[in-house]
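Remarks on the structure that follows.
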2 protein chains.
Amino acid sequence: MSVTHTEVTAGPADLDPCGQAGYPDCGIRDVLDRVGDKWSVLVIVELANGARRFRELQRAVDGISQRMLTLTVRRLERDGLVLRTVYPTVPAQVDYRLTETGASLTHLVKALADWSLGHRDGIARARQAYDARHPGNEIR
Amino acid sequence: MSVTHTEVTAGPADLDPCGQAGYPDCGIRDVLDRVGDKWSVLVIVELANGARRFRELQRAVDGISQRMLTLTVRRLERDGLVLRTVYPTVPAQVDYRLTETGASLTHLVKALADWSLGHRDGIARARQAYDARHPGNEIR
DNA sequence: CAGCATCCGTTCTGATACTG
DNA sequence: CAGTATCAGAACGGATGCTG
């Protein structure tokens with residue numbers, strides 16, 4: 001399912017070729033998929049405030065199911081964005097914290113969350129306006 | 001045009017309440033879902049370079065199907081991030097361009113794409129290492 | 001050209017139940 | 001506490017055919 005990427009020699013500054021015909025997405029997809037998935041951003045934002053245990057995370061990220069939290073932190077761990085530490089206590093205790101790489105993402109992620117908050121109302125209004133202009137148009 | 005955010009009671013710096021128990025995600029989800037979906041970012045990046053017609057977009061965003069492009073631009077239009085203009089020519093001609101709001105997102109999106117490129121290799125290595133440490137663990 | 005409608009397999013998610 | 005396992009429903013995504 002994942003898109004295979006071919007070696008592309010494009011500098012970070014020049015994003016144009018990426019995703020264009022002949023430049024099969026560079027592999028940004030891989031990273032974007034992670035950043036873009038339903039819960040990663042919220043988890044990262046929470047961890048930006050410090051290490052958290054599993055339950056703490058679940059309580060902090062409202063609405064996330066146990067299963068999804070597990071999957072999310074596992075993926076983040078696999079990508080090297082989050083460090084998982086198991087303490088051999090009884091009952092088991094595990095905490096999660098951002099790695100340096102993960103931390104380097106936080107300001108971007110926060111900026112994104114920030115932008116979201118700042119434009120939330122405007123977007124909500126835009127949606128209402130659109131829906132009013134296009135009655136009976138289910139775009140979701 | 002700098003990214004100005006409209007009156008937010010909780011300062012942008014303090015994102016903590018969002019997504020926490022009792023603060024049902026504030027609605028960041030709505031916005032994040034858009035930003036985070038499979039194609040939006042790529043479309044936005046492409047439109048950041050100027051107005052594009054439907055076909056141009058499809059060619060530029062490698063791999064996107066007609067259906068997905070349609071859905072993606074519709075959603076972006078609905079959210080007020082993209083402006084759709086129809087020219088009554090024959091055959092029909094339509095172009096898409098970013099609105100100011102949409103444009104204000106490009107910095108963030110580009111920064112994100114940038115970060116992705118910059119950390120692509122590191123993440124790939126982290127994944128390999130993880131997979132080596134956890135044989136037979138299909139995380140996706 | 002720029003779509004919309006439909007079919008249909010794949011993936012994602014959440015709820016539920018159980019374990020070390 | 002911190003998971004794993006399973007299962008069914010929802011959402012996603014592509015292919016195909018048709019229209020103005």
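The values are calculated or read from the model by the stated rules, or taken from the named source; none is laboratory data. Small disclaimer: the values here were computed from a predicted structure and weren't measured. Note: ideal-geometry Cβ built from the backbone for every residue, glycine included; neighbour counts use all protein chains shown.
Values computed for the structure shown
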item: Restricting the stretch A:49-91 to residues that are over 15 Å from residue B:134 (Cα atoms), within 14 Å of DNA strand C (Cβ to nearest atom) and charged (D, E, K, R), the residue that is surrounded by the most Cβ atoms within 10 Å (Cβ to Cβ); result: A:62
item: Qualifying residue in the stretch B:45-63 (condition: in contact with a Leu (Cβ under 9 Å, 6 or more places away or on another chain), small (Gly, Ala, Ser), at negative phi and facing chain A (nearest Cβ under 9 Å)); result: yes
item: Odd one out for residue B:38, checked against (1) modelled with pLDDT under 90; (2) more than 14 Å from DNA strand D (Cβ to nearest atom); (3) over 20 Å from residue A:119 (Cα atoms); (4) of a type in the set (Lys, Arg); result: (2)
item: Selection within the stretch B:92-140 - within 7 Å of chain A (Cβ to nearest Cβ) and aromatic (Phe, Trp, Tyr); result: B:115, B:130
item: Every residue from the stretch A:107-139 that is more than 23 Å from residue B:74 (Cβ to Cβ) and either buried (at least 18 other Cβ atoms within 10 Å of the Cβ) or without any contact (Cβ under 8 Å) to a residue 60 or more places away in the chain (or both); result: A:107, A:108, A:109, A:111, A:113, A:114, A:117, A:118
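Okay, residues lined up against (1) within 14 Å of the chain's Cα centre (by Cα); (2) more than 11 Å from DNA strand D (Cβ to nearest atom); (3) hydrophobic (A, V, I, L, M, F, W, C):
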| position | (1), (2), (3) |
| --- | --- |
| A:62 | no, yes, no |
| A:81 | yes, yes, yes |
| A:85 | no, no, no |
| A:93 | no, no, no |
| A:98 | yes, yes, yes |
| A:102 | yes, yes, no |
